[in-house]
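Take a look at the structure below.
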Amino acid sequence: MTRKRALWAALFALGLLLVVLGVLNGGARDVLAKAVKICSECIGLG
Amino acid sequence: MVKKLPRPSTRRLIQLYSALLYNAHLKGFAEGEIYTGPLKSVCVPGLNCYSCPGAVGACPLGSLQNAVAASADRPAFYIVGVLLLFGLLLGRVICGFLCPFGLIQELLHKIPTRKVPKSPLTRRLSRVKYGVLLLFVIGIPAWFALRRLPLPGFCKFICPAGTLEGALLLMLHPANEALRAMTGGIFWWKFSLLVLILTSCVFVFRAFCRFLCPLGALYGLMARLALLGVKVDRSRCTDCGACLRVCPMDIRAVGDSECVHCGKCIDVCRFQAISFRAGKLVLRGRDPSTPPRCGSAQDDTGKGARQ
């Protein structure tokens, strides 16, 4: 396996791990909580 | 005699379908309300404001800023992991194929006017988006996180997708008079910026993408590692530069951090050195493991079309 491929695989595994940890620590819930309300900053009101 | 419209390219169709898919909550357009279902915990890969009434997913940039702003309480594992996976799998193919705002910019550029060509100046300007990423997406939210004040800097002060897809589409709906009554200085600043950006796109190809988009900057950092995208077979490349000349972006090399993988270079390469690949699988262009066609523009001596 080349170094580039090994790096890609390691980063991909890290990404998966971060997503899982993020779901477990409530990160996905935070994304949902923000996205289901009108973002006043986004629309120029906040 | 009626002139037939040219058939849209596969890339254009993918751009259109992804824009429709990201904004498939049609009821939101009709009622002037945003979607509040569970799909909004999933980030779409391209720039699409989650306050667009049609948006069914979360904006990755807005989510990142909010996660940074809340990082004093909770590490931003989820959104960092999602962006890492998007970047490793797709890189800036997202910009070229899966970003609704990129599509809007390209359509505006089709308006027939004189165009501003790329130059050493535009190449220098393409670095500004890294500053936007550091300051508005990371710096400002992180700074205010120390004060326990969530402030998504890019969303609040710059994001044209938020103004176009969120603000205008919500505020133009008759049911949202209360929102219209709340407009103030920040709204008019963002609206002016939107007009400036959209106008620039008429004359400058993908002006926002090239010079300001922090999401493109982020994905560009992973350009060399991305699985999908336009790749060069160095054994066939003669460094003729045809790919660089035809490219509308400020690339130094095909597939670098500025490349949005539109594939224009594949069409002009006389030596069939460029292909669109997913890993080793060739999706468009010549498979490097197959010999050239008989009587094709080039042969194994590399003499090319000059014969």
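The values are calculated or read from the model by the stated rules, or taken from the named source; none is laboratory data. On a predicted model such as this, the values are computed, not experimentally measured, just so you know. No Cβ is skipped: glycine too gets one built from the backbone with ideal geometry, and neighbour counts run over all protein chains shown. Heads up: the accessible areas ignore ligands, DNA and RNA and are worked out on the full protein's heavy atoms, side chains in. Shrake-Rupley method; radii C 1.70, N 1.55, O 1.52, S 1.80 Å.
3J(HN,Hα) along region B:89-102: 7, 10, x, 7, 4, 4, 4, x, 10, 10, 10, x, 6, x Hz, from the Karplus curve 6.51 cos²θ - 1.76 cosθ + 1.60 with θ = phi - 60°, whole Hz, x for Gly and Pro. Surface analysis of region B:235-287 yields an accessible area of 45 Å² per residue, using protein heavy atoms and a 1.4 Å probe. Roughly how many whole Å is it from the C-alpha centroid of chain A to that of region B:159-206? Here the two parts' Cα centres lie 27 Å apart.
Enumerate by residue number the trypsin sites (Lys or Arg not before Pro) in region B:48-116 meeting two conditions: DSSP loop (anything except H, G, I, E, B), and at most 15 other Cβ atoms within 10 Å of the site's Cβ. Answer in residue order: B:LYS110, B:ARG114, B:LYS115. Excluding ligands, DNA and RNA and using a 1.4 Å probe, chains B and A jointly bury around 3200 Å² of accessible surface, summed across both partners. Both radii were evaluated on the Cα set of chain A; the Rg over Rh quotient, with Rh as the Kirkwood radius, amounts to 1.29.
Quick one: Debye curve from the alpha-carbon atoms of region B:40-177 only, equal weights, vacuum; give me log10 I(q)/I(0) at q = 0.21 Å⁻¹ to two decimals. Log-scaled intensity ratios, in q order: -1.41. Partner lysines whose Cα lies under 24 Å from the Cα of B:LYS4, excluding those fewer than 8 positions away in the same chain, are identified as B:LYS110, B:LYS264.
Say R0 is 35 Å: what FRET efficiency, to the nearest 0.05, do A:ARG5 and B:LEU39 get from their beta-carbon distance? Rounded to the nearest 0.05, the efficiency is 0.60. Global size of chain B: 21.1, 71 Å for Rg and Dmax (C-alpha atoms, Rg to one decimal, Dmax whole). Rolling a 1.4 Å probe over the protein heavy atoms of the protein assembly as shown, with every protein chain left in place, gives an accessible area that is 68 percent carbon and sulfur. Rounded to a whole number, what is D in µm²/s for region B:43-91 from Stokes-Einstein with the Kirkwood radius over alpha-carbon pairs (4 °C, 1.567 mPa s)? In µm²/s, the coefficient rounds to 115.
Where does chain B land at 222 nm, in deg cm²/dmol rounded to the nearest 500, when only DSSP H runs of n ≥ 4 count, each adding -39500 (n - 2.57), divided by all residues?
Value at 222 nm, helices only: -11000 deg cm²/dmol.
Computed from label points 7 Å out along Cα-Cβ, the spacing between B:ARG7 and A:SER40 is 5.2 nm. Alpha-carbon geometry of region B:114-156: the Rg and the Dmax are 15.0, 48 Å, given in that order. Multiplying each eigenvalue of the alpha-carbon gyration tensor of the protein assembly as shown by 5 and taking the square root yields semi-axes of 37, 25, 18 Å, largest first, rounded to whole angstroms.
Using the Cα centre as the reference, give the magnitude of the dipole from point charges on the C-beta atoms of the protein assembly as shown (Lys, Arg: +1; Asp, Glu: -1; all else neutral), rounded to the nearest 20 debye.
Roughly 1200 debye, rounded to the nearest 20.
Among the listed pairs B:LYS118/B:LYS231; B:LYS129/B:LYS190; B:LYS115/B:LYS156, those with a Cα-Cα distance over 27 Å are B:LYS115/B:LYS156. Excluding same-chain neighbours fewer than eight residues apart, the aspartates and glutamates reachable from A:LYS4 by a Cα-Cα span under 19 Å are B:ASP233, B:ASP256.
Inter-chain Cβ neighbour count for B:149-158, averaged per residue, equals 3 (cutoff 10 Å, partner chain atoms only).
Gyration tensor over the Cα atoms of region B:207-267: the corresponding equivalent ellipsoid has semi-axes (square roots of 5 times the eigenvalues, largest first) of 21, 14, 9 Å.
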